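Asker: This is the structure I have questions about; it appears just below.
The values are calculated or read from the model by the stated rules, or taken from the named source; none is laboratory data. Predicted model, so just to flag it, every value in this text is computed and none were measured. FYI the Cβ positions are ideal-geometry reconstructions off the backbone, even for glycines, and counts take in every protein chain you see.
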Amino acid sequence: MAAPNGVTTFISVLLLFTSLPTHSSSQQQQPDHHTLLDIRDFWGAPLSTLWNSSLHYCSWSGIQCNPSFSVIGLSLSNLSITSHSVPDSLCRLPLLSSLNLSWNYLGGPFPTTLYNCTNLETLNLSQNLFVGPLPIDADRLSPNLTHLDLSSNNFSGGVPASLARMTSLVSLTLNYNLLDGAVADLRNLTNLETLSLANNPFPPHPFPDWTGRLLSLKDLWLQSTNLLGPIPASLGGLSRLEVFDVSSNGLTGPIPSPVWRMGSLKYLYLFKNRLSGVIDGSIQWPNLTKIDLSRNDFSGPIPPAFGGFRKLELIFMHNNRLSGRIPDGIGRLSLLRDIRLFNNNLSGPLPPDLGRYSKLQNIELNNNRLSGEIPKNLCFGRKLGAIVLFNNRMSGPLPESLAACETLTAIMIYNNGISGPVPRGIWSLPALDTVMISRNSFSGALPDAMPAALTRFEIDNNDFSGPLPSSLASASRGLHVLIASHNRFSGVIPLGLVSLAHLGKLALDGNLLSGTIPDQLGGLTLLTFLNLSDNRLSGQIPASIGSLPVLTDLDLSKNELFGEIPPQIANLKLTFLNLSSNSLSGSVPVTLQNSACERSFLSNPGLCCGPIISLPSCRGGSGSGDSSKGFSSPLIITLLALAGAVGAGASVFVVFALREFHRRRGSGGSISWKLTSFYSLDFTGASIASGLTEENLVACGGAGKVYRVPLLNRPDQVVAVKKLCSNRDADAEKEFQSEIDVLGRIRHMNIVKLLCCISSDDVRLLVYEYMENGGLDRWIHSSADNQLDWPTRFRVAVDAAQGLSYMHHDYVPPVVHRDFKSSNVLLDEDFMARIADFGLARMLARPGEPGTVTAGFAGSFGYMAPGGYPKLHLFPPDLF
């Protein structure tokens, strides 16, 4: 009678354990055991801990044995092995067929000792530190080798012909190296299923002519004029290829016709190249699962054939020049979960069945010319996370079905023509954290309940009405951005807003709000932008606003505010201030009386100030009345006598001043300027100084004034000149010297160039390259029409990060900026970012030298070191 299943299993397990040698003497009879001990001794820790000799070696970590206790596999991944060689003893394991040494710190040239591992079928050396060329005799590796992964190392040179001779290869992965030579003809690798060459700095024409024909003079000329070469047509002959990745290689030209007909393809990654042409309408990829053609220059329509690829899950074709309609068949793909076609010229309606037959998770179609209504079944599969349709021509209502989409985290549909009320259920979705529906035609009132997870709420330029709900604060404590400008909201500013502790931007301008500005707004300590202009607000400006530590933009214009400007406002480090068109009175605080604020106080008849800006002069210190009233004749006589004495003293001063002036005149008849240059220049100190006029003034800060100065000999070119304050106290001198020490020596494309410094006895000037688009702060805190789009913000963030990385890791000695903020990131005419203003920078001490970083306060007023802020959503989810 057969034994029960449980008994059979028990006996099998028992036999397995009893068959394993358990005594050390038994291990000594196994030659693989000695070899493994040699490997352990060669590499040391952590193998010395993991490979415990009291256990049988077939149970050691990372070792795979066959039933005869011969080692057939070693998987030593991510063990922090550090060595510049691979031991010869590895290949004394005669049956070793799989070797995985990935994610370690192995270095040196390619380990040719592995040529002796004659039974290897899989070799993975990825994520290490190997350097030098790929071996020209790589075909000496095992003839059985089918999988070779050398990705994420530092191999350089080309892809040698020896790899092309390894015809047994099924997968060849060389991505993320430093390969900068030609790629051998790979057409004979007919068994290849995976080919990845992505992210290598290949030269022009990495794929030489593989047809064997002699290149004509015309061919040579065409190749010399292309930046990089095309994809060779012969790759279309790799009929078994399933994974093809040549992304980020700078390839040019169209995709050859044979590639469009590689019927086995499942994953095609060609993104971030310069490929062009149209997508072949006769495309034949029935097994296609994922396709990424993004960041190229493809044009023309998306072929209807894509609607027939039933296995398609991801379609990424963003950042091209595609036009026409999105094929309706794409909406019927049952496995589709992510579609990204943004930044194209697509038009017409969306596929009506989009989301109806699949578990769609993400849709990004922004920056096209799409029209019609949003399909009602986008969230039919109950998986949708983000709808990104901004900057199109969509119309109609927001589908009611989205109110039940509990997975929805982001709605970004601004700048369309969508109308009607927002479905009420959307405001209670549990995961919704980003709502950006500005510049549409939405109407109705906001409900009492708002999404609890909300962090970004932008609804400006619509037709919303009624009061701002107090629940907006109680339900959304994590809110960072609230923009409700240019609607028809009425009533008072709800006091509940003061509980939004993380709020950084508040814009309620262009509404019908009334009442006073809550004094409690002074508790929003992370607020950088406050715009309450163009409402019906009355009362006095709360003094508490002057205590907001990081506020840079303040606009309270076009209201009915009265009373004096609180002196605390002068404590703010503002880049923009507008209090115009109110009924304010009294004297403008002295520190705000500068030409940079000249237009900040217009249309306030009761305001007065000194002669710097265009307001009535204050007399008698009160701004009104006759300052001479009540003066007695004896007092007048005394004052006249004093005036005479002062006049006489002034005459003496003028004489000595003129003498000093002539003493300081140089041989050229002008004040002597000392110019220290860091680049080749074609201007003089005197020519720069002559451009420091009021009409060239562009900014005024605590350290001095900044001018935009055209060059006299080349008026089409300008420079930025920072004129430092004339006081020569110790702190000012340190700041001046710090700027020179840092910028005078740094050379990096993402750090502003200090061209020279110019000084005289009383004046110090720093001359920089001029940044046409000014500071980043004016773009991210400006009105919605002028804000940077998200791809540009991403590029700016990367540029700034590269500049900081150079300062911290590549410059010797390292430099700490200590005042990094948006106003110190400047943008050129192409919006490339450069870090500026190094007045507080300090160089880190070299080994053996005393430290130079002080323990004092670092940064401008209100500066908060990284980590002090809550985690912000810099970019919409899954936008890139």
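Asker: Quick test of your reading of the structure: residue 483 fulfils all but one of (1) within 16 Å of residue 557 (Cβ to Cβ); (2) touching an Asp or Glu at 6+ places or on another chain (Cβ under 6 Å). Name the failing condition by number.
Answerer: Status for residue 483: all satisfied but (1).
Asker: So, one more: Looking only at residues in region 453-467 that are at pLDDT 90 or above and in a loop (DSSP other than H, G, I, E, B), which one is farthest from residue 524 (Cα to Cα)?
Answerer: By that ranking, first place goes to 462.
Asker: Restricting to region 480-505, give me the number of residues that are surrounded by 22 or more Cβ atoms within 10 Å (Cβ to Cβ) and not in a loop (DSSP other than H, G, I, E, B).
Answerer: Total meeting the criteria: 3.
Asker: Where in region 339-383 are there strands (runs of 3 or more DSSP E), lying wholly inside it, with at least 2 residues that are within 22 Å of the chain's Cα centre (by Cα)?
Answerer: Per the criteria, 362-364.
Asker: Further question on the same structure: Go through (1) surrounded by fewer than 16 Cβ atoms within 10 Å (Cβ to Cβ); (2) in contact with an Asp or Glu (Cβ under 8 Å, 6 or more places away or on another chain); (3) not acidic (Asp, Glu) for residue 557 and report which single condition fails.
Answerer: Of (1) surrounded by fewer than 16 Cβ atoms within 10 Å (Cβ to Cβ); (2) in contact with an Asp or Glu (Cβ under 8 Å, 6 or more places away or on another chain); (3) not acidic (Asp, Glu), only one is false for residue 557: (1).
Asker: A further question on this structure: Just give me the residues in region 434-452 being within 24 Å of residue 407 (Cα to Cα), part of a loop (DSSP other than H, G, I, E, B) and in contact (Cβ under 8 Å) with a residue 40 or more places away in the chain, in sequence order.
Answerer: Selection gives 438 alone.
Asker: Moving to a separate point now. Quick test for you: out of 402, 370, 378, pick the one residue that is buried (at least 23 other Cβ atoms within 10 Å of the Cβ) and in contact with a strand residue (DSSP E or B) (Cβ under 9 Å, 6 or more places away or on another chain). Before you say what the answer is, go through the steps one by one.
Answerer: Details: 402 fails: buried (at least 23 other Cβ atoms within 10 Å of the Cβ); 378 fails: buried (at least 23 other Cβ atoms within 10 Å of the Cβ).
Every option except 370 fails the conditions.
Asker: Still on this structure, please answer the following. Go through region 238-295 and count every residue that is part of a loop (DSSP other than H, G, I, E, B) and either basic (Lys, Arg) or touching a Leu at 6+ places or on another chain (Cβ under 8 Å) (or both).
Answerer: 28
Asker: Now a separate question. Would it be correct to say that residue 15 is at pLDDT 85 or above and either closer than 30 Å to residue 127 by Cβ or not assigned by TED's automatic domain parsing to the domain that holds residue 103 (or both)?
Answerer: No; evaluated as a whole, the condition is false for this residue.
Asker: While we're on this one: Report yes if some residue within region 26-41 is modelled with pLDDT under 90, in a loop (DSSP other than H, G, I, E, B) and not basic (Lys, Arg); otherwise report no.
Answerer: Within region 26-41, one or more residues are modelled with pLDDT under 90, in a loop (DSSP other than H, G, I, E, B) and not basic (Lys, Arg).
Asker: Okay, next question. Of the residues that sit in region 248-292 and are among the hydroxyl-bearing types (Ser, Thr, Tyr) and over 19 Å from residue 320 (Cα atoms), which one is surrounded by the most Cβ atoms within 10 Å (Cβ to Cβ)?
Answerer: Step by step, filter region 248-292, then rank; the result is 267.
Asker: Of the residues 471, 544, only one is closer than 26 Å to residue 428 by Cα and of a type in the set (S, T, N, Q); which?
Answerer: Sole residue among the options that is closer than 26 Å to residue 428 by Cα and of a type in the set (S, T, N, Q): 471.
Asker: Same structure again: Output yes when any residue across region 506-518 is among the polar types (S, T, N, Q) and within 29 Å of residue 618 (Cα to Cα), and no when none is.
Answerer: Of all residues in region 506-518, those among the polar types (S, T, N, Q) come to 511, 514, 516.
Checking which are within 29 Å of residue 618 (Cα to Cα) leaves us with 516.
Checked against the condition, which is being among the polar types (S, T, N, Q) and within 29 Å of residue 618 (Cα to Cα), region 506-518 yields at least one hit.
Asker: Does residue 294 meet the test of being closer than 21 Å to residue 399 by Cα and polar (S, T, N, Q)?
Answerer: Here the answer is no, as residue 294 does not meet what is asked.
Asker: Being in a loop (DSSP other than H, G, I, E, B) and closer than 17 Å to residue 592 by Cβ is the filter here, so list the residues in region 543-567 that pass it.
Answerer: Those that are in a loop (DSSP other than H, G, I, E, B) and closer than 17 Å to residue 592 by Cβ: 548, 551, 552, 556, 557, 564, 565, 566.
Asker: Further question: Considering (1) buried (at least 22 other Cβ atoms within 10 Å of the Cβ); (2) within 27 Å of residue 188 (Cβ to Cβ), say which one residue 242 fails and leave the rest.
Answerer: Every listed condition holds for residue 242 apart from (1).
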